[in-house]
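Have a look at the structure below before the remarks.
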Amino acid sequence: MVIDTMMQYFILLVYQILQTLNKLTLLAIESSCDDTSVAILQDGKVLSNCVASQDAHRLYGGVVPELASRAHLENIIPTVLLALEKARVSKQDLDAVAVTRGPGLLGSLIVGVTFAKSFALALDLPLIEVNHMQAHVLAHFAEAPYPRFPFLCLTVSGGHTQIVLIKDHLDMEVLGSTIDDAAGEAFDKTGKILGLDYPAGPIIDKLAKQGQARYTFTKPKVGELEFSFSGLKTNILQFLKKEVSKNPDFVKENVEDICASVQQTIVDILMEKLEIAARKHNITEVAIAGGVSANSGLRSALETRGAALGWNTYIPAFQFCTDNAGMIAVAAKYKYEKGEFSDQSMKPITRWAF
Ligand code: KG4
Ligand code: ZN
């Protein structure tokens, strides 16, 4: 009887050890811009997704590359330790180390890549490089429901605005992108004109909720699937100059309506192009990703217009919209499964088309 119980206990223990061994455990690092993020993914689930944001840039109304890389240096080790602790995973449990190789700011990328290479070397683990923009798309596979292939993804961030056709996890084609500013930049630059803090996107989103979109701005005339936002910024600036010359308090008195109008214009431009791409490629699985996909106006426009057009729409949870290492870990999982590893000669790439 005692021997039976011991035997059962032994089998259970061996089973549990084997289960742990079977669970792919990854540590991922993201440092392409001004957020230092580290995530742990185990068995396909993001167990921790820690982000150390950098306040230093607020004073300057935009990301200062030199300050960003210095802050990454300070943040990287504490963020790695926090991510491991939160996930209750030890360094010895890791199967691989993943890192954003690009696109992004060189100094920022160097910190993440150098740390990841040293960490992988010290622990004798394989290294996986990840394209940040692909990872924004693959954030959709962090949590169910997952989009079905092929699907379209509007990837909108501070540095990019793209419509991507996704045929498989690692098989993507950019159908169209911006010829100048990104959608996030349009939000941030408008915010600067209005005297709002950086990053202005979330602030404009909040103010827009209390306003009416009663001002109209000119939409750009560009190629079918191209975007352009630099003209919009000039248009807003000219409009405000004219109004302020009549009433010096115009911005203060109408900031909510201005924000609602700017947000409406940006969302309309994005949705128009997304609709063209969906029709052209006969696709009804439609997703959004990137920092600007946190925008409430864009999220509700996708839901309402998507429902009217018979689309299945996908919006990532907030933690997977803005820059985060969780999405890097998800992308790395697919690369691990395909055996796509990097070696110690890997260097960051500031511009990296896929
Ligand atoms: O993806 P992300 O975190 O970093 C880049 O890869 O650029 O995107 C940052 C951008 C910023 O421009 C920020 O203003 C914008 O995303 N953003 C928003 C919102 N939350 C973040 N824009 C509009 N509405 C939001 N709620
Ligand atoms: Zn990003």
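The values are calculated or read from the model by the stated rules, or taken from the named source; none is laboratory data. Model, not experiment: these values are computed from the prediction. Cβ placement follows ideal geometry from the backbone for every residue including glycine, while neighbour counts extend to all protein chains displayed. These accessible areas exclude ligands, DNA and RNA; they are computed on the full protein's heavy atoms, side chains included. Shrake-Rupley method; radii C 1.70, N 1.55, O 1.52, S 1.80 Å.
The table that follows gives values for the structure above.
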{"quantity": "Test: residue in region 275-285 that is in a helix (DSSP H, G or I), under 23 Å from the mean Cα position of the chain (by Cα), of a type in the set (Ser, Thr, Tyr) and closer than 30 Å to ALA144 by Cβ", "calculated": "no"}
{"quantity": "Flag if THR284 is more than 16 Å from ligand 2 (Cβ to nearest atom), of a type in the set (Val, Ile, Thr) and open to solvent by 30 Å² or more (accessible area, probe 1.4 Å)", "calculated": "yes"}
{"quantity": "Pair list, Cβ < 8 Å and 6+ apart or interchain, from region 211-234 residues that are under 16 Å from GLN263 (Cβ atoms) to residues that are open to solvent by 70 Å² or more (accessible area, probe 1.4 Å) and among the hydroxyl-bearing types (Ser, Thr, Tyr)", "calculated": "LEU232/THR218"}
{"quantity": "Residue list for region 121-145, restricted to those being outside any helix (DSSP H, G or I), out of contact with any Ser or Thr (no Cβ under 6 Å at 6 or more places or on another chain) and away from ligand 1 (no atom under 16 Å from the Cβ)", "calculated": "ASP124, LEU125, PRO126, ILE128, GLU143, ALA144, PRO145"}
{"quantity": "Residue count, region 31-50 (criterion: under 10 Å from GLY326 (Cα atoms), touching a strand residue (DSSP E or B) at 6+ places or on another chain (Cβ under 9 Å) and open to solvent by 20 Å² or more (accessible area, probe 1.4 Å))", "calculated": "3"}
{"quantity": "Unique residue being at pLDDT 95 or above, within 16 Å of ligand 2 (Cβ to nearest atom) and of a type in the set (Ser, Thr, Tyr) when the list is SER261, SER293", "calculated": "SER293"}
{"quantity": "Considering residues of region 59-102 that are outside any helix (DSSP H, G or I) and among the charged types (D, E, K, R) only, the residue surrounded by the most Cβ atoms within 10 Å (Cβ to Cβ)", "calculated": "ARG101"}
{"quantity": "Filter pass, THR190 being touching a helix residue (DSSP H, G or I) at 6+ places or on another chain (Cβ under 9 Å) and within 25 Å of THR322 (Cβ to Cβ)", "calculated": "yes"}
